[in-house]
Structures are given as structure tokens and as C-alpha cells.
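Student: The structure is given below, and queries will be raised subsequently.
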Amino acid sequence: GTTPREVSHRTPPCRMMSRTTSTVRVATISGARSARRGCTSRNVRVHAANSSYVRKHILELAPYTPIVPFEILSEQLGRAMEDIVKLDANENPYGPPPEVNEALGNMRFPHIYPDPESRVLRKALAEECGVPIENLLVGCGADELIDLLMRVILDPGDVIINTPPTFGMYAFDCAVNAGVCVDVPRGGPETGFAMDVDGIKAAVKKHKPKLLFLTSPNNPDGSVLREEDLIELLELPVLVVLDEAYIEFSGLENSKIGDVPKRDNLIVLRTFSKRAALAGMRIGYGAFPTGIIEYLWAAKQPYNVSVAAEVAACAALSNPVYLKDVKDKLVAERDNLFNVLNDCPFLTPYPSSANFILCKVDGRDALGVKTALAKEGICVRHYASPTSISGCVRVSVGRPDQTERLREALTKI
């Protein structure tokens, strides 16, 4: 995600469950903000005569803000792309295994439509994850699977439970699909951003949601969901969606993907963007229980995963030694990055089990820190909301040389 911008139109409502009371209040969707594409600003929306054809809830929807393309970022900063230390989107700085570029260069039939069932990749994933191939579905990034799941599950007005601060796409896709997002906030840093299990139980009882979204490790704070909390939440009458985009950095032994075939209300999502450095290819996957996945197959676009994306993912899986080596390097560098951030007099880093570290900015404006670092060619993520992370910056784990660049820039500013 990128820094939210101000918008002049209203955002669809989320409901927020207070951690101290059972009252419900209106809150804006944390992940949905205005976007800028090319030279056309979408900060001001003009309702033309033909907009009467647009679905009413879409007329009120604020677009999700995508990351700034690398080429545009280079122009904005006045620096060559090679001179920018990009630590704002949790991308893998080591790149994919060498087999990926080789496989992409040797694609034999790019002019032929891809396999709509991604059978070769699903077979490889079934072997790696220990999950039957019948329970696996591949998407154009895990983002597509989140949207597909909501399109299949939600009728207009149906409720999802969200646990902010967390990944903004859950609330955004809920709004796109005319659902209602009920927020049950996590605890603050003093609790380790712990899940409010009692609050979730109360929200489930009151709102009767269809979907509960959990992320472990959580973005943006890097906290891991406690085993006992997940077990307790799986007893609720709701589909539990566990997003494991960063699971490799906390240890695959913590993954629950193998439990999916044994439970009828557990869904686990994964991605190739982080561990395999394929963020630009847009390839993710999920394990879904029998009884749900058949309807996802019925509703998904037939050629949603490109030939190139499937070839790249299969090639990445063919070199598990490389994937483990890169993961180990990032985990080791996470400790080094934490020490660098901790040594900075105006930053307080929080422990993380992902490939990023969230920091409280002390005595300075967080946006000002982000801007000052950008002038030095260092890109980080800044947060103004929700309250528990307001005034924070998130720093992705990079290579040792990138951490050193960051250290020098922090000292300078």
C-alpha cells in the first residue's frame, strides 16, 4: 500500500466495534483512497449524465491507491531507478530464482490461452503444501481471490469482520461488492497488536457476518496470530479467511494451510509476491474447503492467470534452495534493520515476524520523516490512521547495503 491522499467525495461506511464498548460508529475504509493514474486526477469526481447507469454504491466508492510505478517514482525523485532504495511495499529485493528468467525467455506458446485451471502449478503447490489439488485455486495475485471470494459469498448488505490495522483490500473489496465492513480493532503496540477475540465474538453474534478476515503475520505491524485465538475463532459460525502472505518469514511450521481440508470454515491465502519475488507477475493461491471452492471455480474468470505468471511460479518452486536462502537472508537482515531503527533517536521499532518493521515516530511528523527520506532516495510507508498506528512508518527489510543507505539517511535527516 501507499500513503492515502485526501478525497473530496464520501467513502462507503465501515462500522467499528469499540474495544471498550459495544457501540457502533461510522468509520471510513482505511484502504480506500483516491488514486492518480497517468495525468488524470481522480481527487474530484464529476457525475456526468451517463453516470446514472453506474451502480449506486460504486458512485460513492473511493478508488484504492496503488503504489507509484517505479518509473514514475524515478521521475518524481529525480533519481535513476537503480539509485532508489524502495522499502515501502514489502517487495523482495533479491529477485526471483534464476530459473524464472530462463523459463520466461523460453516460453514456447505465449500466443495460446493459458490453462484455465493452472493444473501444472496447482499440482506443484499440492506437493509443496500437502493439500489436495482439489482444494487449491490460483489467482492473479491473492487480491483477485479476496475479491472473487466476496463476489461469491456476499449479497448486498452482507457483513464481513475486519481487524484493523490490517491489509486495506479486505475493506475495499467489501465496499466494491456492496457489503458492510464491521471493524473490530486490534490492541495497540502495548498489547503486541493482539486480536480482540471477545470483540470479534460479540460482533459475530450481533452482525451475523459471513466472512472474518485475519492476517498472520499481520500487515502493517508484523504480529502473529496466537494459535489458541485462531482455534477459538474457528468455532464461530463464520467463514475464517487467514491471509498468510508473509508466513514464510515467521516459519512455515506456523502455517494452517494443511488444516483446510479438515475444516469446513477455514480458508488460507498465500502469494508468490514476497518469498519468490514475483510481485510484478501477479500470482497468488488459496486453499478452500470443499463446498466453497466449487462455486469459486464457477464464478472466476476462465483465463485469470497468464501463461507467463504460471511459468514463473513453477520455475520459482523448482528451486526451493534459493527460496530458503533468500528467506533466511531477509530474516537475518530484519534483526539488523531493527537495530538500526532502534538506534535512531526519533524511531521506536516494534517486533515483527514479517519482512517489514513498523516504527513509531517520536517527536517528529511521520509524513515529514517519509518526505525527508524520499529526498535521500529512500522510500518508506507512512500511516496517518487508524489511531493505533497514526504517526508510524513501515520499513521493508532490504539487503544489507540498503539498510546501510537507510542508516546514513536517518543520520543525515
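The values are calculated or read from the model by the stated rules, or taken from the named source; none is laboratory data. If you're wondering where the values come from, they're calculated on a predicted model, not measured in any experiment. Ideal geometry is used to build each Cβ from the backbone, glycine not excepted, and the neighbour counts take in all protein chains shown. In case anyone asks, the SASA skips ligands and DNA or RNA and just uses the protein heavy atoms, side chains included. Shrake-Rupley method; radii C 1.70, N 1.55, O 1.52, S 1.80 Å.
Student: What's the local net charge at Phe193, with K and R +1, D and E -1, over the other residues with C-beta under 11 Å away? Don't jump to the answer; show the numbers that get you there.
Tutor: On the way: positive: Arg186; negative: Glu190, Asp196, Asp221.
Taking every other residue near Phe193 into account, the sum is -2.
Student: Taking R0 as 25 Å, what's the FRET efficiency between Glu117 and Ser318 from their Cβ-Cβ distance, rounded to 0.05? Spell out each step's value before the answer.
Tutor: On the way: r = 20 Å, r/R0 = 0.80.
Once rounded, the FRET efficiency stands at 0.80.
Student: Determine the percent antiparallel among the DSSP beta bridges restricted to the chain, to the nearest 5.
Tutor: Numbers: 27 of 47 bridges.
Taking every DSSP beta bridge within the chain, about 55 percent pair in antiparallel fashion.
Student: What's the ranking of 298-305, 370-377 by average number of surrounding C-beta atoms within 10 Å, highest first?
Tutor: For the peptides 298-305, 370-377, the packing ranking is 370-377, 298-305.
Student: Taking the Cβ of Ser388 as the centre, find all other residues whose Cβ is under 9 Å away and add up their charges (Lys, Arg: +1; Asp, Glu: -1). Let's see the in-between values first.
Tutor: On the way: positive: Arg186; negative: Asp221.
Spelling it out: positives minus negatives among the neighbours equals 0.
Student: Further, regarding this structure: With a cut-off of 8 Å between alpha carbons and a minimum separation of six or more residues, what is the relative contact order of region 39-183 in percent?
Tutor: Across region 39-183, relative contact order equals 18 percent.
Student: On to the next question. Could you work out the relative contact order of the chain, using alpha carbon pairs under 8 angstrom and six or more residues apart, expressed as a whole percent? Write down the numbers at each step before the final one.
Tutor: Values: 802 pairs, mean separation 83.0, N = 413.
Reported as a whole number, the value is 20 percent.
Student: What whole-number value in Å² describes the accessible area per residue of the chain for a 1.4 Å probe?
Tutor: Computed with neighbouring chains in place, this is 45 Å² per residue.
Student: How would region 73-176 be classified by its alpha-carbon gyration tensor: rounded, prolate or oblate, with rounded meaning a/c under 1.5 and the a/b versus b/c comparison settling the rest? Don't skip to the end; give the middle numbers.
Tutor: Working: a/c = 2.04, a/b = 1.10, b/c = 1.86.
Since a/c reaches 1.5 but b/c is at least a/b, the shape of region 73-176 is classed as oblate.
Student: Using Cα positions and a limit of under 20 Å, work out the aspartates and glutamates in reach of Lys300, with same-chain residues fewer than 8 apart set aside.
Tutor: Asp115, Glu117, Glu134, Asp143, Glu144, Asp147, Asp155, Asp173, Asp243, Glu310
Student: To continue, here is another question. Counting each DSSP H run of 4 or more residues in the chain as -39500 (n - 2.57), what helix-only mean residue ellipticity at 222 nm follows after dividing by all residues, to the nearest 500 deg cm²/dmol? Kindly include the intermediate steps, with their values, before the conclusion.
Tutor: Working: 13 runs with 135 residues, N = 413.
After summing the helix terms and dividing by the residues of the chain, the value is -9500 deg cm²/dmol.
Student: Could you sort the peptides 141-152, 57-68, 355-366 by per-residue average Cβ neighbour count (10 Å cutoff), highest mean leading?
Tutor: Highest-to-lowest ranking by the protection proxy: 141-152, 355-366, 57-68.
Student: Follow-up. Which of rounded, prolate or oblate describes region 263-370 when judged by the alpha-carbon gyration tensor and an a/c cut-off of 1.5? Could the numbers behind the result be given before it?
Tutor: On the way: a/c = 2.50, a/b = 1.89, b/c = 1.32.
Because a/c hits 1.5 or more and a/b exceeds b/c, region 263-370 counts as prolate.
Student: Measure up Lys201/Lys324; Lys210/Lys256; Lys86/Lys208; Lys208/Lys370; Lys123/Lys205; Lys256/Lys327 against 31 Å on the Cα-Cα distance and list the ones that go over. Don't skip to the answer; put the middle values down first.
Tutor: On the way: Lys201/Lys324 38 Å; Lys210/Lys256 20 Å; Lys86/Lys208 41 Å; Lys208/Lys370 40 Å; Lys123/Lys205 39 Å; Lys256/Lys327 19 Å.
Those over the limit are Lys201/Lys324; Lys86/Lys208; Lys208/Lys370; Lys123/Lys205.
Student: Residue by residue through region 393-408, what is 3J(HN,Hα) from phi via Karplus (6.51 cos²θ - 1.76 cosθ + 1.60, θ = phi - 60°)? Round to whole Hz and write x for glycine and proline.
Tutor: With coefficients 6.51, -1.76 and 1.60, one gets 10, 10, 10, 6, 6, x, 7, x, 5, 6, 4, 5, 4, 5, 4, 5 Hz.
Student: Considering only C-alpha atoms, what is the centroid distance from region 72-87 to region 387-408, in Å?
Tutor: Computed from Cα coordinates, the inter-centre distance equals 16 Å.
Student: Continuing with the same structure: By how many nm would the segment from Ala49 to Tyr94 grow when fully extended, if each residue of separation counts as 0.36 nm and the alpha-carbon distance is taken off? Display every interim value, and only then the final one.
Tutor: Numbers: separation 45, 0.36 × 45 = 16.20 nm, distance 4.94 nm.
The Ala49-Tyr94 span can extend by a further 11.3 nm.
Student: Given H placed on each backbone N at 1.01 Å, which residues far from Leu347 in sequence or on other chains put an amide H within less than 5 Å of it?
Tutor: When sequence neighbours closer than 5 places are left aside, the close amide H contacts are Asp362.
Student: Same structure again: Using the beta-carbon distance between Glu190 and Thr371 and R0 = 22 Å, what value does 1/(1 + (r/R0)^6) give for FRET efficiency, to the nearest 0.05? Working shown, then result.
Tutor: Values: r = 28 Å, r/R0 = 1.28.
The pair Glu190/Thr371 has a calculated efficiency of 0.20.
Student: Quick one: grab the alpha carbon gyration tensor of region 115-156, order the square roots of its eigenvalues as a ≥ b ≥ c, and give me rounded if a/c is under 1.5, else prolate or oblate depending on whether a/b is larger than b/c.
Tutor: Cα axes put region 115-156 in the prolate bin.
Student: Within the chain, what whole-number % of the accessible surface is contributed by carbon and sulfur, with the 1.4 Å probe and all protein chains included in the calculation?
Tutor: Values: 10020 of 18550 Å².
Ligands and nucleic acids excluded, carbon and sulfur reach 54 percent.
Student: Tabulate in residue order the Karplus-calculated ³J(HN,Hα) for region 81-95, using 6.51 cos²θ - 1.76 cosθ + 1.60 with θ = phi - 60°, rounded to whole Hz; enter x for Gly and Pro.
Tutor: 4, 5, 9, 9, 9, 8, 10, 10, 9, 6, 7, 8, x, 8, x
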